[in-house]
Structure formats: structure tokens, C-alpha cells
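What follows is calculated from the coordinates using simple rules that are stated; it is not laboratory data. Quantities reported herein were computed from a predicted structural model and do not represent experimental measurements. Glycine gets a Cβ as well: all are built from the backbone with ideal geometry, and neighbour counts include every protein chain shown.
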Amino acid sequence: MTLYDTTMPDDKPADGQPAPAGLKPWGETKVVGTRAPRIDAYERVSGAAIYTQDISLPGMLHAAILRCPHPHANVRRMDLSKAKNMPGVRAILTHESPSADLPWFFGDKGPMSKLFDPHCRYEGDEVAAVAADSPHRAWDALKAITVEYEELPFVSEIEEAMKEGAPPVHEGGNRGRVRTSERGDIAKGFAEADVVLEETYRTSCELHTPMETHASVAQWDGSRLTVWDSTQGVFDVQKTLAQYFGLPSSSVRVIGHYMGGGFGSKLELGKYTVITALLARDTALPVKICLSREETFLCVGNRPANIMQLKAGVKNDGTISALHLVNVGSGGAYPAGSGVGYLVQDLYLCRNVKVEETNVFINAGTARAMRAPGFPQCAWALEQMMDALASKIGMDPVEFRLKNVPAYSQTRNNTPFTTTGLKECLTEGARVFGWKEAKATIRREGTIRRGVGVAAGMWGWEGSTVSTAIVKLFADGSANLNIGASDIGTGTKTVMAMVVAEELGVPLERIQVENADTATTSFAPSSGGSQTVVANSPAVRKAAVEVRTRLLELAAEELKCTVADLSLNDGAIQTLTAPARTVPLHELQSLAQREMLVGVGHRDPHPQGKIPLPFAAQFAEVEVNTRTGETRIVKFVAAHDSGRMMNRLTFENQVFGGIAMGIGFGTSERRILDAGQTGKMVNANWHDYKIPTAVDVPPEHTCISVDPHDTECNNTGTKGLGEPATIPTAAAIANAIFDATGIRVTQAPVTPMQLLALLAGQEKGGRQ
Amino acid sequence: MIPKIAYARPHSLKEAVKELSAPGTIAHAGGTDLLGCLRDGIVTPEKVISLSGLSDLKGIARTGDGGLRIGALTTLAEVADDHVINEQFTALAEAAASAASPQLRNQGTLGGNLCQRPRCWYFRGEFHCRRKGGEICFAMNGRNEFHCIFGGQNCFIVHPSDSAPALVALEARVRIANSRGTRTIPLDSFFVDPAKDVTRENILRPGEIITEILLPAPVTQMRSSYRKARARGAWDFALSGVAIGLRFNGKRVDQARIVLSGVAPIPWRAVETEQALAGKILDGETVARAAESAVRSAEPLSDNAYKIHLTQGIVHESLMALRPE
Ligand SMILES: Cc1cc2nc3c(=O)[nH]c(=O)nc-3n(C[C@H](O)[C@H](O)[C@H](O)COP(=O)(O)OP(=O)(O)OC[C@H]3O[C@@H](n4cnc5c(N)ncnc54)[C@H](O)[C@@H]3O)c2cc1C
């Protein structure tokens, strides 16, 4: 048994084939893996960086959108006369405007709605839009539009929506088709089990609320459209915009240089962008839209709420014999998906697994992918269940997980993982955390009690491989990197520049990154799904290596030696054989004559017959005040196998950020709808929707990179990080709370309000 | 967006109260609450009168009788950091320090903190509720986990201020100015019960402002504290809070003031508890009984019964912490 190869008790993995020959990941690195500050830190901090919201063009108009204030209503009549005549108002669009009569698609479900759908199915549905010469005038004009609504019966909660006779959000009812996947025989698995547990876990609807609200600026030049967009993927936006306007892709330019966070909510083209482009065309002027904070709570996506019934069977030796998950979730008023099943199927070895999932419509904003869509929810259920099973069979929760670490993906015909760092995440994490000592000595008595918890996770998608990078080396030895990827705040530009620096020996300060512009950069997939580093860094490396190869060839010719005699360090060519010479790049004649060397790198396909996926284990220590329900997370350790750590600083940013977000999901964040009364969201603001603050994240915070030296996943040895970082967090906290109090909190978030109610119940009615 | 408004910045109290006597005006101190109210359309004044030019209303000073005078425009940060307040009026320093966030405390004033509008999400949101002149209180049958468990009638807000209960516990008075002059009243009688008038939270009439907050001279053997429980660690209002002012006579409580926040439409005196403590030594049993008495008359709504346990818990914890060594 090698380090990353755990026992495969019963099943045989599919045959592994060797990875395609080519560049192998680095051994020792000089730049990659160091603590490199962001190359654009100064611009971002000083305010010099131009975000979409900062764009100002000559003659630019400002747009605002009138949104339905009801959860379910028909627009009967609209009176625009007052708004039309207000000073500075230049254009108004409604469902009656011929230019705005466009279908709207949700995934592959066909045109389920329209750009302005008079049948409004959620609070925040688009009703009209105004362009005016100032944002204030646009907002004032919205107030002057009178709309007569026919209010319709609505439904705000999953269970209500499933009832017989519930108001239908769409014709045909609220309940989607049950999607089932099954392997083995769960009945047999449960029969074999020594312990069978069943529990219903619930999670709340979480919102992305990125710092920069969604924004677009649109400008037409004849039939050519340019859009600045706060987006995670300029090419995705380009493609869909081209379709909407019937234009060739070449006529649509989308630019997204800087953007202030998305977490998935900026992975798709928004109605607001199409509306802005229409207004710009109608007025023949550039138009800008910046959504208000309230709008971002209502209509640009969320993580759906889920109700997950999980039944699990385990043998006394720790073998998981069966898992059965029945999940019902709601992605809101339109199909968006609320599936969560992946972890149950792939995180631990188990031969008998059944997952049944149903999406239900409710009259509320539609979900969008949110940082590891489905995974934190499933971890909330599965990882609490693992904890409960471990305690039932008297096994330590870390040991129990270690017993079930898979070396292959059970959802993909047992195809082996390139590496499974889960075991090391668990053991290293436990060691650094002091798990055994804490378990043995922690104080679980009295008013203020402590407890520790662990949870694990993995991410289930290896990412796209369609990415091309271009590296240009100038005669003065500085370099330009051209990539299509958006840097959504994660440090993409910095990490990619580090790859170039590694290969070309050019200092980071001398590398300029051009990115996220469909007209001037080459294709990259959207920055989401934890694929940005994985999809792009191998292409960047290949482009840099191409330049390097060409450069060394030229130098060898010029210096009259062989390429093997040369090395490239710190912006200079060095001869390895006598006579020892160091030639700075700007002194290299052959480079000066050519002015520039260009390298193009295309990313290679994934290894055949193997799956590269990241793993994680997180450990929490909490302190619960049993009189008040207040919980403090006092210590947190996160161990991540995301392959090679490219930059210690951005690694920490992702892990700490992911944990902070997981703490929100697990302890404070939830969309609250006025169910049964008005159906409106009551906490659509940053005070009532409670994102953790600096004092809510643990003071003692450690993150560990468990690098399994994956030589097969790709040429930079990287696996995804952004999403795994937030997957196990909430469950680790819930397990720690259980350890401290004996209360299994099945509903996320564990607010002090909820915990105190449970503690008070415990006092009266024994342990829950 | 903030609607069109006129703005004036008078430099004397006389001018200010004159300006504010005109209909459609509203006072602006630090603006941390007012600007949000304007943006959300909670208040719709035509003219905003800034108090920031009234330098007499700033600062903390000793009064002749050994008490303290705190100008209404003193910021919460100044109150929280003041040495004398920390030493002698601890509850107030703790309350000011627990409010909002550092930025808001640097900008928000003590006077503004007492006069801020409630945070009920129906009142602040697009709901035409009773407090805004509508017919119904949405919290009664709606989402009410942050609403009151005492004194709810017609309307179930909680008073949002942290400083108010601390000041009431410390027996503060407020000076109110209008065009005819000034008067001082106990802060305890400043707040308006929704049963009396559901549209306002305090007794101020148009043209009236608070100019200063007066604290009586501290007696020896006085101990006070403010304990706040909230849903997240900062930038959050109280789920429940308790301000306690205890005068001791040796080990015995001579006089107690227990004022709750986050649980009632006004700073809520737990009178029964105050009486239960008078003359007692703070042993475990007395404290437990006192904490229980603090919530005896609570009437929770559908989602906020936890506040009963929470309030009992923090009263218990605070009383234990205030026991003389
Ligand atoms: C996000 C957020 C979180 C907060 N959290 C808390 C909290 O946890 N605890 C807490 O106690 N507070 C909290 N606050 C409220 C904050 O403390 C108050 O907004 C602040 O103290 C008000 O002071 P100001 O000077 O800014 O008042 P302004 O906003 O200027 O005025 C507020 C109101 O008081 C009136 N007013 C102001 N001064 C006077 C005066 N001298 N006489 C008569 N009327 C006057 C104004 O007309 C206005 O109606 C929070 C506020 C925000 C925005």
C-alpha cells in the first residue's frame, strides 16, 4: 500500500492508462509555491483598478430596473406617461416594447420566460427598465411608473409547494421529476449493517452577495457591441449575447478586467445585461447599470434550500454498507437545479448507494451556482451522519473516515483518482489540530462547554480543458501574458504570472497580464467550478515553455553552444560550461532583432482513465454558552489536497475565505421569506442577512496544503481549491457543537436562537 | 436612492430649534440612522437640519454635583473610550462599545442612538405597517424572531438602542430644548409605549431636540454592567441585552435597576427583579430566582420564545459577575 493508494476492499478499479506524454509537473520550484503578493494589489487597494462600476463613457446613460414587488402576480396595466415625460428620461422598456420581446432561457429547458415576463413568478422579476441621464433620474422614473398587478396565490416553502392543491408556480405543478441514481442493492446493504441511522437534515437558502453588485456597461458602434461586465466568464457572456442579438461572436466584445466577487452568481448572462444593451441600442448611447444591493438579494441567484433525508448503514468494523439519500430542494421559480447527491456517492467507499432528488418550484428568486453547488448541503447531512455512525460503533470519527477513503471514483465506473489526499488531509489535519488530545481532554461540562468536530469533503468536477494562453517576451526581457480568464478576486493573474516567471526567469514585476477581454485575449473557460488554475495554468506553462525553448535555441546559436549548455535565470542566459557567461536578455542580439518571441499554449486533455479531484478535511473547536446559545469557534484547522499549492498567500485567501463563507452557511446566513403572509423577503440587506464579521471567524486559524505530488493530473500538478475550502466547514462546526452539547442540530444555520431553543428543550426533555 | 431634500446647518441651538419647528424638517446628527431611513423611504422630510454646527452639544464634562454631562452629539466611540465613564458608569461604556461597528460608533452620536428608529424588518422594508400609518402589524403573524416578548401591543418592535437601557439603569436624565427653552426629564419617561402611540418611539415634539444626557453623581459601592447577546459577533443589534445598576451596602444590594434591551418596544425595566434583589446578598439562589423573575411576564410570539431563556441566561450571568468579591 503506497501513501496515496488505499485499500480497495472489493471492487477493482478500472484500468488506468498512462497519462499522455509531455510536460511533467515541476520538481523544485523557485517562484511557484512562494508567498507572492498580488501583482495588482496596488491597483486594487489604491482605487486605480477600474471595475465595471467605475466605467464612465462620454454621453453615458444610466439604467434601472422596475421589479415586481410581489412573489406572484400578473402585470395587468402599466402607465408610463408620467415617467416618460420626466427630465432626463431617454428610454423605457417593458414587455410591450417590440425590441424587448425576447424569450428567456433557463438551462436547456427551452424558453420558459421572457425578458420582461408579465407573469411575474418571484419578487424581483423584471417589469420595466428605464435609461436616464443620471442614476437618480432613472430611479425616480421607476417610482413614477404605475403598475396594476393582479396578485396571485403564491408559495414560499418547499413543503407547502409539494402539497396537493398548492398554488402552481408553473402550469403542471411545482414538483419536478424525481431523478434517481443507484448502485448495488441498498436493501441488502441495510440488512448487512450492524447499525442503521436515519435523519432529516435541512439547509437554508444562502445568498452570494458579492462585494461589487452586478453591473454592466453597453456600447454600440454600428452593429458591433461592446460590453463591460462584472462577470466570471467573458466568453460565456459573449456567446449568449451574440445569440440574443443575432450577431456573430466577432461583433460582440466583452471585457471584465477587474471584478469584485461573484461566488457563482456571475457565471451567467443576466437579464440586466441584455436590457442594458437594448437600451444602449435604442438610445444610440452607452448605458450603464449597477444593481442595488437589494436587487442582488432577490434576483441574481442563491444556494437553494434543501431537505435531505439520509439513511446510512454501517458494520461494527466501520464498513459503510448502504447510503440512501432522498433530497428535495428548491431552486426557486425557474429550473436551476437543487441536487446535492455527489458526496454521498463518491466521498466514501460504499457499494450500495441510492440517491433520489426532486426540485420543487417556489415563488422566490432562482438559484444560481454558488461556491460548490450542492456540496456544503450534502456535507451538512453526510458528515453529521458520519459523526453519528462513528459514535454508534464506538469508533473515532477520524478513524472511521480513514477506513473509508476511496482511491477511485465510484460514480465513474471506479476510475482511479490521480491522487486521493483525503487520508493525509485527515491525518495531518488531526495532528496539527491536536485531535486526539482535544477529544480526550476537552471540557464538555458546565455552562461554557467546548467541543471538537471534524468533517471531510471533496469536489466533484475536474474542470474544462479548453484554454489557450499566449506569452510574449519582449526584447528588453519583460513579458506579457495573455489569458482569457477572469480574475474574480482569487489572484488568478498573480498565479498565472508566477507560472511564467517560473519558466522564463522573468521577475513578477516585469510581467504584465492582459486578461478577460474577448477581443484581445484567447479563450478561457469561466472562472468557476474550481477550474481556473487547473484549466489555465497548464496552458500558460506550455506557452511559456515554448518561448523558453525558442529563446534558448536562439541563444545557443548566438553564443555558439548547445541548448543543453544554457540555463535561464533571473532575466539572463547563463552558460553552464566554460567559459562561464551571463547574458542579460536585453543584450541578446537575436532577441533584439526579432523584437518579440511569442509562445502559444493549449491545455492538454485530462489524463485518460484517471480522475483528478481535490479533497479536504477540516477540524473545528467550539465553545458554547449553554445559557445563551452563543457559540464561538475558537480554533479551526483546514487540510487541503488541491494538488500543488501555487501561491501560499492566495492559498490561504481561498481557504480562510471558504471557511468564513462556510461559517456563514453554518451559523448565520439564510434568506427569510415572509411565508404565509406577503411572501416577500424580509432580510434583503446586509444587516438582517447576517454574513460573518471579522470577530465571527476563528482567532486561531491554520491551513495546511497536503500536496500529494500529483504527476498525472496536469503539467502544473494542480487540483481545484476555491470550492473544497467551503464544503466541510459547516458540518465540522455542527459536529463540534454536538460534541460540546450532545445536541444534533440538523437545521442549518445553527443560530444562537435555534441552539438555545434546543438547549432549553434538552433541559426539559432530555437529550435530543 | 435618497430623494431630493433641502439642507441647513445652523450654528446656534436657537436657530436649530427654530428650523426644526417648521413642518417637514428632521434633525441630522451623525446621520448613520437617518440616511438609511431616507434611502428606504421610512421618513420623508423636505428639509434636513444638521446639528453638527452646534459645538456646545459635543463632549463629556463633570457637573457641579459630581455627575456627568454628555452632550447629545458626543459620539458612541467617545463615550465607549472615556475613562471616567468606564470607571464609574461602566454599563454605559460597555453599551456604547457593543453598539454597531467601529465605523458607525465613530460617526453615530449618543443623542442619535436614543432617537434612532426601530429595526423591525417590516417597518424598514416595503411593508405599510402600523408604525408607518398602515392597518396591520406584520410581525404579529409573520416572521418575528427578532421581535418583542414584553409590552407588545399593536406593534411588536424592540427598541434598538444599547445605550438607552444602560442610561436608564444609571438613572440618567435628558435635557430637551425647544424654542421656549429647555427642560430635563428622567430618560425612563422619554420613551413611548406603542399602546399609547404606535407611530413614535419617544416624546419629542416637532422642534425639540435632546441637548445633553445627565448622569447623577456616582455613589460609592455602585456597580453596573451591560451584557448583550446577538446573532453575530459585531455589527448587530441585541437579541436580548441587560443593563444592571446595583448599589451595594456591604454585600447586600441596596437598590437595583435592571433594564432589558432587545425584548420590548422601550427599554424595559424588570421591576419585579429589581424588587426581588433589594436587600439581598447575591447568592446563587437569589440570582437564579431574580433571573427567573425577569422573564415571568414574557409573552413570546411564534418565533421568539428563545428570548425568554436568553434573557434569563444573561441576567443570571450578569448578576453573578457583579457580585462583590
Ligand atoms: C448597520 C447598523 C448597525 C447598528 N447597530 C447598532 C447596535 O448594535 N446598537 C445600537 O444601539 N445602535 C446600533 N445602530 C444604530 C446607531 O448606533 C445609530 O444609528 C447611531 O447611534 C445614531 O446616531 P447618529 O448621530 O448617526 O443619528 P442620526 O442618524 O443623525 O439620527 C438618528 C435619529 O435621531 C434623531 N436625532 C439625532 N440626534 C438628535 C438629537 N440630539 N435630538 C433629537 N433627535 C435627534 C434624528 O432626527 C434621526 O431621526 C446601528 C446602526 C446601523 C446603521
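Across region B:222-321, the convex hull enclosing all Cα atoms gives 94 Å³ per residue. Here's how it looks for B:I281: its modeled amide H is under 5 Å from those of B:V253, which are all 5 or more places away or on a different chain. In the protein assembly as shown, taking the dipole from charged Cβ atoms about the Cα centre, the farthest positive-side position among A:G460, A:H324, A:T741 is held by A:T741. Among B:E126, A:E123, A:E462, sorting on how many other beta-carbon atoms sit within 10 Å of each Cβ, with the fewest leading, yields B:E126, A:E462, A:E123.
Which whole-number percentage describes the relative contact order of region A:463-602, with Cα contacts under 8 Å and a sequence gap of 6 or more? Walk me through the numbers before you get to the answer.
Values: 295 pairs, mean separation 47.6, N = 140.
Normalised by residue count, the contact order of region A:463-602 is 34 percent.
Since only A:G59, A:I145, A:A48 are under comparison, the one whose Cα sits farthest along the positive direction of the charge dipole of the protein assembly as shown, derived from C-beta charges on Lys, Arg, Asp and Glu, is A:I145. Under 5 Å between amide hydrogens, built in the peptide plane, is the criterion, and for A:T418 it picks out A:I611, A:L613 among residues at least 5 positions away or on other chains.
Each 10 Å bin from 0 upward holds the following percent of the Cα-Cα pairs of region B:1-65: 21, 46, 24, 8, 2.
Remark: chain A carries a charge dipole of roughly 460 debye about the Cα centre, counting +1 on each Lys and Arg Cβ and -1 on each Asp and Glu Cβ.
From the largest down, region B:144-276 spans 47, 41, 29 angstrom on the principal axes of its Cα atoms. Remark: region B:291-297, residue by residue, has Karplus-estimated 3J(HN,Hα) of 4, 5, 5, 5, 10, 4, 9 Hz, where x stands for each Gly or Pro and the curve is 6.51 cos²θ - 1.76 cosθ + 1.60 at θ = phi - 60°. Binning the C-alpha pair distances of region A:534-655 at 5 Å intervals from 0 yields a P(r) profile of 2, 8, 12, 12, 10, 10, 9, 9, 7, 5, 4, 3, 3, 2, 1, 0, 0 %, listed from the shortest bin outward. Counting every other Cβ atom within 10 Å of each residue's Cβ, A:I393, A:I158, A:I289, A:I743 order from fewest to most as A:I393, A:I743, A:I158, A:I289.
So what's region B:52-133 giving for Cα Rg divided by 2.2 N^0.38 Å, two decimals? Before the final figure, lay out each step's value.
Working: Rg = 15.5 Å, N = 82, 2.2 N^0.38 = 11.7 Å.
Normalised by 2.2 N^0.38 Å, the Cα Rg of region B:52-133 equals 1.32.
At 222 nm, what value in deg cm²/dmol follows for chain A if DSSP H runs of at least 4 each add -39500 (n - 2.57) and the sum is divided by all its residues, to the nearest 500?
Values: 19 runs with 205 residues, N = 768.
Taking each H run of at least 4 residues, the total per residue is -8000 deg cm²/dmol.
Going from the residue with the fewest nearby Cβ atoms within 10 Å to the one with the most, A:I307, B:I2 rank B:I2, A:I307.
Across every pair of non-identical alpha carbons in region A:628-757, the mean reciprocal distance, once inverted, gives a Kirkwood radius of 16.4 Å.
Which entries in the list A:K542/A:K719; A:K315/A:K436; A:K143/B:K18; A:K315/A:K719; A:K472/A:K560 go over 28 Å, if you measure between the two C-alpha atoms of each? Too far apart for the 28 Å limit: A:K143/B:K18; A:K315/A:K719.
Summarised as an ellipsoid, the protein assembly as shown has semi-axes of 52, 38, 31 Å, derived from the eigenvalues of the Cα gyration tensor scaled by 5 and square-rooted, with the largest first.
Which value at 222 nm does chain B reach when only helices count, each DSSP H run of 4 or more adding -39,500 (n - 2.57), with the total divided by all residues and rounded to the nearest 500 deg cm²/dmol? Present the calculation step by step, with values, prior to reporting the outcome.
On the way: 13 runs with 98 residues, N = 325.
Using -39500 (n - 2.57) per qualifying helix, the result is -8000 deg cm²/dmol.
Within chain A, A:C205, A:C290, A:C299, A:C350, A:C378, A:C425, A:C561, A:C703, A:C713 have no other Cys Cβ under 4.7 Å of their Cβ and so lack a disulfide-compatible partner by this rule.
Residues whose amide H falls under 5 Å from that of A:N352, counting only those 5 or more places apart or on a different chain, are A:L323, with hydrogens built in the peptide plane.
Convex hull volume of the C-alpha atoms in region A:134-218, normalised per residue: 263 Å³.
Derived scalar couplings between HN and Hα for region B:315-320 equal 5, 4, 4, 5, 5, 4 Hz in order, rounded to whole Hz, by the Karplus curve 6.51 cos²θ - 1.76 cosθ + 1.60 (θ = phi - 60°), x for Gly and Pro.
Based on the Cα coordinates of region B:68-182, what is the per residue volume of their convex hull in Å³? Walk me through the numbers on the way to the answer.
Values: hull volume 16.7 nm³, N = 115.
With only Cα atoms used, region B:68-182 gives 145 Å³ per residue.
Legend: P(r) of region A:463-602 from all alpha carbon pair distances, 10 Å bins from 0, whole percents, reading 13, 43, 28, 13, 3, 0.
Taking a Cβ cut-off of under 13 Å around A:A555, the surrounding Lys, Arg, Asp and Glu residues balance to a net charge of 0, with basic ones at +1 and acidic ones at -1. Counting only lysines at least 8 places from B:K196 when in the same chain, those with an alpha carbon closer than 20 Å to its own are B:K132.
Label-to-label distance for B:S101 and B:M1 is 2.4 nm, based on points extended 7 Å past Cα in the beta-carbon direction. How big is D for chain B, in µm² s⁻¹ as a whole number, if Stokes-Einstein is applied with the Kirkwood radius of its Cα pairs at 10 °C and 1.306 mPa s? For the chosen part, D equals 79 µm²/s.
Quick one: compute the contact order of chain A, relative version, from alpha carbon pairs under 8 angstrom and 6+ residues apart, as a percent.
17 percent
In region A:221-346, inverting the average of 1/r over every pair of distinct C-alpha atoms gives 17.8 Å as the Kirkwood radius.
The phi torsions of region A:69-82, fed into the Karplus equation with coefficients 6.51, -1.76 and 1.60 and a -60° offset, translate into couplings of x, 10, x, 7, 6, 9, 7, 8, 9, 10, 10, 9, 4, 5 Hz, rounded to whole numbers, with Gly and Pro shown as x.
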